[in-house]
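Student: Structure incoming, see below.
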Amino acid sequence: MPELKQLRAEHAPAVLAFERANRAYFAASVPDRGDDFFDRFTDRYDALLAEQEAGFCVFHVLVAEDGSVLGRFNLVDIEERTAELGYRVAQHVVGRGVATAAVRELCLLAASRHGLRTLRAATTHENVASRKVLDKAGFVPVGPADPAHLGGKPGTWYQRDLVLPAAHRGK
């Protein structure tokens, strides 16, 4: 069963393999990371770990039993108990509920482990799959997203207010 894990240095080879294997698939719905991302992957990865260590972001990977990465789920721009959610999953697991399950789990972690109370996510109007994931995970549309934030494409901001389950309150 896949496991959502906080990003660590040892995940780097699997993350790079995930990004390479899914590059064309991702580029069909979100701006391509470009050749520089892959050419400077180690530097960029180290910078992500430094951002995480500083508390600005929390990065997660969904790891399959064989150690491969099935998805990336990130909480970025953490400020005032709010963060922006971003995610991407491997093409071969799309449509299986993997993204929805991981986003739901990340919402619980965001509240219980990271003390967050609100998550926001932006997606383009044409990214129907992402909109479905956000809807199923309890996010609601809250207004238009600046196209500059979405690679020049029109989109919508979604938001979910986080509430700890009763079993986690007071811990």
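Student: Does F56 fit the bill of being over 22 Å from E19 (Cα atoms), surrounded by fewer than 19 Cβ atoms within 10 Å (Cβ to Cβ) and among the aromatic types (F, W, Y)?
Tutor: Yes, satisfied.
Student: Just to be sure, is V15 modelled with pLDDT under 90 and of a type in the set (V, I, T)?
Tutor: It is false that V15 is modelled with pLDDT under 90 and of a type in the set (V, I, T).
Residues checked against (1) in contact with a Leu (Cβ under 7 Å, 6 or more places away or on another chain); (2) crowded, with 16+ Cβ neighbours inside 10 Å:
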| site | (1), (2) |
| --- | --- |
| R81 | yes, no |
| L85 | yes, yes |
| V98 | yes, yes |
| L106 | yes, yes |
| A111 | yes, yes |
| L116 | yes, yes |
| A145 | no, yes |
| T156 | no, yes |
| V163 | no, no |
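Student: Still on this model: Out of contact with any helix residue (DSSP H, G or I) (no Cβ under 6 Å at 6 or more places or on another chain), within 23 Å of F139 (Cβ to Cβ) and free of Cβ contacts under 8 Å to residues at least 60 places away in the same chain, is that true of L48?
Tutor: no
Student: Condition first: loosely packed, with under 12 Cβ neighbours inside 10 Å and hydrophobic (A, V, I, L, M, F, W, C). Now tell me which residues in the range 1-28 satisfy that.
Tutor: Within the range 1-28, M1, A9, A24, A28 qualify.
Student: Among the residues of the range 41-49, is any surrounded by 15 or more Cβ atoms within 10 Å (Cβ to Cβ), under 14 Å from K5 (Cα atoms) and within 17 Å of the chain's Cα centre (by Cα)?
Tutor: yes
Student: Is there a residue being of a type outside the set (G, A, S), crowded, with 16+ Cβ neighbours inside 10 Å and touching a Pro at 6+ places or on another chain (Cβ under 8 Å) anywhere in the range 29-36? Break it down into steps so the answer makes sense when it comes.
Tutor: Looking only at the range 29-36, we keep the residues that are of a type outside the set (G, A, S), and these are 30-33, 35-36.
Narrowing the set further to residues that are crowded, with 16+ Cβ neighbours inside 10 Å leaves 30.
If we keep only those that are touching a Pro at 6+ places or on another chain (Cβ under 8 Å) too, we end up with none.
Within the range 29-36, none of the residues are of a type outside the set (G, A, S), crowded, with 16+ Cβ neighbours inside 10 Å and touching a Pro at 6+ places or on another chain (Cβ under 8 Å).
Residue by residue, here is whether (1) in a helix (DSSP H, G or I); (2) at pLDDT 95 or above; (3) at negative phi holds:
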residue: L116; (1), (2), (3): no, yes, yes
residue: L119; (1), (2), (3): no, yes, yes
residue: E126; (1), (2), (3): no, no, yes
residue: S130; (1), (2), (3): yes, no, yes
residue: D135; (1), (2), (3): yes, yes, yes
residue: V142; (1), (2), (3): no, yes, yes
residue: W157; (1), (2), (3): no, yes, yes
residue: V163; (1), (2), (3): no, no, yes
residue: A167; (1), (2), (3): yes, no, yes
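The values are calculated or read from the model by the stated rules, or taken from the named source; none is laboratory data. Computed from a predicted model, the values in this text were never measured in an experiment. Note: ideal-geometry Cβ built from the backbone for every residue, glycine included; neighbour counts use all protein chains shown.
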